[in-house]
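Just so it is clear, none of the values below were taken in a lab; they were calculated from the coordinates. Quick caveat: nothing in here was measured; it's all calculated off a predicted structure. Reconstructed Cβ throughout: ideal geometry from the backbone, glycine too, with neighbour counts over all protein chains shown.
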Amino acid sequence: MKIITLNLNGIRSAARKGFFPWLARSRADVVCVQELKAQEADLDDAMRAPASYRGYFSHADKKGYSGVGLYCRREPDRLVEGIGVRDVDREGRCLRADFGPLSVISVYLPSGSSGPHRQKAKFEFMDSFFPRLKNLAAEGREILLCGDWNIAHKEIDLKNWRSNRKNSGFLPEERDWLTRVFDELGWVDVYRRLHPATTGEAYTWWSNRGQAWAKNVGWRIDYHIATPKLAAGAKRAAIYKKQRFSDHAPLTVDYDYPF
């Protein structure tokens with residue numbers, strides 16, 4: 001089973017940069033996407049059902065903002081949109097697809113970098129999301145949460161960690177919360193399971209400022225986070241950088257698991 005996650009930074013922009021031909025070549029079973037920046041009416045047929053996929057989406061109420069989606073080779077048995085919190089769900093931040101005993105979830109945590117009001121919203125999301133994750137863990141299903149979590153967990157997960165200790169995305173409270181996701185709930189950071197010490201090659205996002213891409217001044221903020229049994233079946237993880245569809249790079253993991 002091959003699963004990909006990518007923050008598109010605008011589905012229409014990614015389409016112009018060649019995302020959909022690459023998607024067709026990827027042969028992934030499910031592709032989780034975030035930051036659609038589009039409404040349903042903005043999507044053409046090639047975006048809704050590219051190649052051998054069908055797309056499922058959760059759009060933000062606000063135009064040109066947020067939104068998540070799933071491209072699936074097989075029709076899900078069930079779709080669940082949102083986390084059950086009105087203010088969160090209006091921003092289109094979570095979409096779950098069930099395939100038998102497996103759930104694949106595309107998730108997009110808020111960024112707090114635009115100001116204190118958004119950092120407050122990010123902390124509120126985290127407070128709301130943790131008990132939902134706890135409930136998910138109690139379901140007894142195999143769960144895979146893929147997406148842009150907007151948190152670099154450890155110092156090896158970003159280039160300039162010293163200068164970012166007081167910045168959104170690397171705040172102690174954010175990092176501690178992600179540690180709780182792993183330690184209290186038993187979820188596994190799949191990339192780190194396979195590559196426990198990788199630094200620069202692990203980055204998945206680069207700022208558009210200061211030649212960050214050219215200098216590889218990046219952050220690892222895109223994750224596959226899985227239940228232990230599913231994570232134990234992860235065989236390969238790769239970050240695709242030959243083409244740029246977004247300010248993020250696609251993260252692909254192959255699992256020894258029947259889709």
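Within straight-line reach of LYS166, meaning a Cα separation under 25 Å, sit the following lysines at least 8 residues removed in sequence or on another chain: LYS120, LYS122, LYS154, LYS215.
Charges were assigned to the Cβ only: +1 to each Lys and Arg, -1 to each Asp and Glu. The resulting dipole of the range 88-184 about its Cα centre is roughly 380 debye. Across the range 205-211, rounded Karplus estimates of 3J(HN,Hα) from the backbone phi angles (6.51 cos²θ - 1.76 cosθ + 1.60, θ = phi - 60°) give 9, 9, 4, 7, 9, x, 6 Hz, Gly and Pro being marked x.
Which trypsin sites (Lys or Arg not before Pro) from the range 104-177 combine a DSSP loop assignment with at most 11 other Cβ atoms within 10 Å? Mind dumping the intermediate values first?
Values: sites: ARG118, LYS120, LYS122, ARG132, LYS134, ARG141, LYS154, LYS159, ARG162, ARG165, LYS166, ARG175; in loops: ARG141, LYS154, LYS159, ARG165, LYS166.
Those that pass, being in a loop and sparsely packed, are LYS166.
Expressed in units of 2.2 N^0.38 Å, where N is the residue count, the Cα radius of gyration of the range 1-90 is 1.04.
Under the combined filter of DSSP loop state and at most 16 neighbouring Cβ atoms within 10 Å, the range 180-259 retains these trypsin sites (Lys or Arg not before Pro): ARG209, LYS241, LYS242, ARG244. The phi-based Karplus calculation (6.51 cos²θ - 1.76 cosθ + 1.60; θ = phi - 60°) puts the 3J(HN,Hα) values of the range 232-248 at 5, x, 6, 10, 8, 10, 9, 10, 8, 10, 6, 10, 10, 9, 6, 7, 9 Hz, whole numbers, x for Gly and Pro. Mind running the shape call on the range 120-259? Use the C-alpha gyration tensor, a ≥ b ≥ c as the square roots of the eigenvalues: rounded below 1.5 for a/c, prolate if a/b tops b/c, oblate otherwise. Since a/c reaches 1.5 but b/c is at least a/b, the shape of the range 120-259 is classed as oblate. For ALA234, which sequence-distant residues (separation of 5 or more, or a different chain) have an amide H within less than 5 Å of its own amide H, given hydrogens modelled in the peptide plane? Result for ALA234 returns ASP256. Along the axis of the charge dipole computed for the chain (Cβ charges of +1 for Lys and Arg, -1 for Asp and Glu, origin at the Cα centre), the listed residues TYR56, SER66, GLY200 are led at the positive end by GLY200. Across q = 0.09, 0.12, 0.15, 0.16 Å⁻¹, the chain modelled as identical point scatterers on its alpha-carbon atoms has Debye log10 I(q)/I(0) values of -0.35, -0.65, -1.09, -1.27, in the order of the q list. Here's how it looks for GLY92: its modeled amide H is under 5 Å from those of ASP61, which are all 5 or more places away or on a different chain.
Straight-distance candidates among the aspartates and glutamates for linking to LYS37, with alpha-carbon spacing under 16 Å and chain neighbours fewer than 8 residues away dropped: ASP61, ASP89, GLU91, ASP148, ASP247.
Within the chain, what is the longest stretch that has no GluC sites (Glu not before Pro) placed in a DSSP loop and near at most 14 other beta-carbon atoms within 10 Å?
Numbers: sites that count: GLU139, GLU184.
It runs 1-138.
Each residue of the range 84-96 is assigned a 3J(HN,Hα), and the resulting list reads x, 10, 4, 5, 5, 5, 5, 9, x, 10, 8, 9, 10 Hz, derived from the Karplus form 6.51 cos²θ - 1.76 cosθ + 1.60 (θ = phi - 60°), x at Gly and Pro. Gap in Å between the Cα centre of the range 1-65 and the Cα centre of the range 226-252? The distance from the Cα centre of the range 226-252 to that of the range 1-65 comes to 16 Å. Within the range 26-157, the percentage of alpha carbon pairs spaced more than 22 angstrom apart rounds to 38%. Each residue, THR199 and GLU81, gets one label point 7 Å from its Cα in the Cβ direction; the gap between the two is 4.4 nm.
Charged side chains reduced to their Cβ positions (Lys and Arg at +1, Asp and Glu at -1) give the chain a dipole of some 880 debye around its Cα centre.
Of the residues GLY84, SER163, SER103, the one whose Cα sits farthest towards the positive end of the charge dipole of the range 2-255 is SER163 (charges of +1 on Lys and Arg Cβ, -1 on Asp and Glu Cβ, taken about the Cα centre).
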